[in-house]
Amino acid sequence: MTAPTAAGCAAPDQSAPIPASVDLEKETVITGAVVNADNEAVAGAYVRLLDATGEFTAEVVTSPQGVFRFFAAPGTWTLRALSRHGNGELKISADRGINEVGLTVAA
Amino acid sequence: MSRDTALVSADWAEQNLNTPGLVFVEVDEDTTAYDGGHIPGAIKLDWKTDLQDPVRRDFVNQEQFEALLSDRGVSNDDTVILYGGNNNWFAAYAYWYFKLYGHGDVKLLDGGRKKWELDARPYTKDVPVREKTSYTAQAPDLSIRAFRDEVVEAIGVKNLVDVRSPDEYAGRLLAPAHLPQEQAQRAGHIPTAISVPWSKAANEDGTFKSDEELAKLYAEAGIDDSKDTIAYCRIGERSSHSWFVLKEILGHQNVKNYDGSWTEYGSLIGVPVALGDEPGKA
């Protein structure tokens, strides 16, 4: 999987390093891992980024290590994870740079 | 068209995996998902390498589409069932191609890969072998494809439906939030376009909302039934999803997808652009 480009719109490989072209001075990156109740990584979970009003903004599928990543903007966001093991939700406040969060799913 | 002719459910699909005359096709931009496991019997189409022209900025032409489907063993009389990731965006895009090139019977799997995954339905890594065919495509049906000049002329005249997220519409973001934001084009939307994010047409599990909910969604957003409609997004795949809803599920007439979408429009010299949450004036 190559770095994301303007040509595509699908979610890039979530386990790949952040491309060198991404300027972390400008981007607000929200990243983390989805785990189950036993603290095991959940691969193939659908993580949805909802804005401050609860409106859907983006969705990615977690990597084999359960990792997800969004490029958002500073502000309040809700992360919602759906998986075959159950769902989970977390409200966060993001700033410019890398914002690391953990998300647990349970049936 | 209606939900009954354009969609199949995951239950129906699972019961018909071995039905002769059906071809399941997974369509994605990133086909590593297919390689890691797919619906048993499904073939794959790579949106980027199979469905885009490798040189020009356009999708495959009639001859390229014929060569592709012949090579993958799809016949004109096969019923093609499309599904994919990203809430079926790229599958809906491919559906639009199949319609554009006049395929007889094509349907979307409601919910795509997501519903299949959340239901914990079976996958396989086996890649089916299909005999090559001699597929014949029709001349492109341009009644469902909009080009830029037509879009500029439609400002204040036709329904323009911007299906990107509210922040992309307003110009606060340039791309969906799972992608880096540095882009060449200007931010904003086409003046007079109404904002109806594609996501409002889908349930959380990726299936389409009910006919009643969908009709209400577009009516409340201010779509005028007496006018023709053009849907757009950033590169034309999310708007294929909304085009599918308007044309194939709700049965609106004269609905076009503007596949050039914001990456083209936002790069044009001299065209009007509106910023903020309101449609703006013509």
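See the values below:
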{"quantity": "Estimated vicinal HN-Hα couplings, Hz - the range A:80-88 in sequence order (Karplus 6.51, -1.76, 1.60; Gly, Pro = x)", "calculated": "10, 10, 10, 7, 5, 9, x, 10, x"}
{"quantity": "Helix B:89-100 axis, angle to chain B major axis (alpha carbon atoms, nearest 10°)", "calculated": "80 degrees"}
{"quantity": "List B:S210, B:S143, ordered by accessible area with a 1.4 Å probe, largest first", "calculated": "B:S143, B:S210"}
{"quantity": "Sum of -39500 (n - 2.57) over DSSP H runs of 4+, divided by residues of chain B (222 nm, nearest 500)", "calculated": "-7000 deg cm²/dmol"}
{"quantity": "Gaussian network model of chain B, springs between alpha carbon atoms under 10 Å - residue of B:A139, B:A175, B:A215 with greatest fluctuation", "calculated": "B:A139"}
{"quantity": "Cross-link pairs A:K91/B:K209; A:K26/B:K158; A:K26/B:K114; B:K48/B:K200; B:K216/B:K281 - those with Cα-Cα distance over 28 Å", "calculated": "A:K26/B:K158; A:K26/B:K114"}
{"quantity": "Theoretical gain in end-to-end length, B:V129 to B:D46 [0.36 nm per residue, Cα-Cα removed]", "calculated": "28.2 nm"}
{"quantity": "Candidates B:G36, B:G251, B:G270, ranked by Gaussian network fluctuation over chain B, Cα under 10 Å, top entry", "calculated": "B:G270"}
{"quantity": "Unit charges at the beta carbon, dipole of chain B: most positive-side option, B:S2, B:Y93, B:V157", "calculated": "B:V157"}
{"quantity": "Surface share of carbon and sulfur [accessible, 1.4 angstrom probe, percent] for the range B:144-265", "calculated": "44 percent"}
{"quantity": "Considering only the protein assembly as shown, percent of DSSP beta bridges that pair antiparallel, nearest 5", "calculated": "50 percent"}
{"quantity": "Accessible area of the range A:28-104 belonging to carbon and sulfur atoms, whole % at 1.4 Å probe", "calculated": "45 percent"}
{"quantity": "Estimated distance in nm for a label pair at B:E212 and B:D4, the labels positioned 7 Å out from Cα along Cα-to-Cβ", "calculated": "1.8 nm"}
{"quantity": "Potential lengthening between B:T19 and B:D119 on full extension [0.36 nm per residue; Cα-Cα distance subtracted]", "calculated": "33.9 nm"}
{"quantity": "Computed lengthening from B:Q253 to B:D105, 0.36 nm per intervening residue step minus Cα-Cα distance", "calculated": "51.4 nm"}
{"quantity": "Residue with peak Gaussian network fluctuation, chain B [Cα springs, cutoff 10 Å], from B:P140, B:P122, B:P166", "calculated": "B:P122"}
{"quantity": "Protein accessible surface hidden between A and B, which excludes ligands and nucleic acids, total in Å², probe 1.4 Å", "calculated": "2900 Å²"}
{"quantity": "Share antiparallel - DSSP beta bridges, the range B:144-265, percent rounded to 5", "calculated": "10 percent"}
{"quantity": "Per residue solvent-accessible surface (Å²) - the protein assembly as shown, probe of 1.4 Å", "calculated": "41 Å²"}
{"quantity": "A:T28 long-range amide H proximity, modeled H, under 5 Å", "calculated": "A:A72, A:G97"}
{"quantity": "Using θ = phi - 60° and Karplus 6.51 cos²θ - 1.76 cosθ + 1.60, couplings along the range B:120-125 (whole Hz; Gly, Pro as x)", "calculated": "6, 7, x, 10, 9, 9"}
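The values are calculated or read from the model by the stated rules, or taken from the named source; none is laboratory data. Quick caveat: nothing in here was measured; it's all calculated off a predicted structure. As a convention, Cβ positions derive from the backbone with ideal geometry for all residues, glycine included, and neighbour counts pool all protein chains shown. Ligands, DNA and RNA are excluded from the accessible area calculation, which covers all protein heavy atoms including side chains. Shrake-Rupley method; radii C 1.70, N 1.55, O 1.52, S 1.80 Å.
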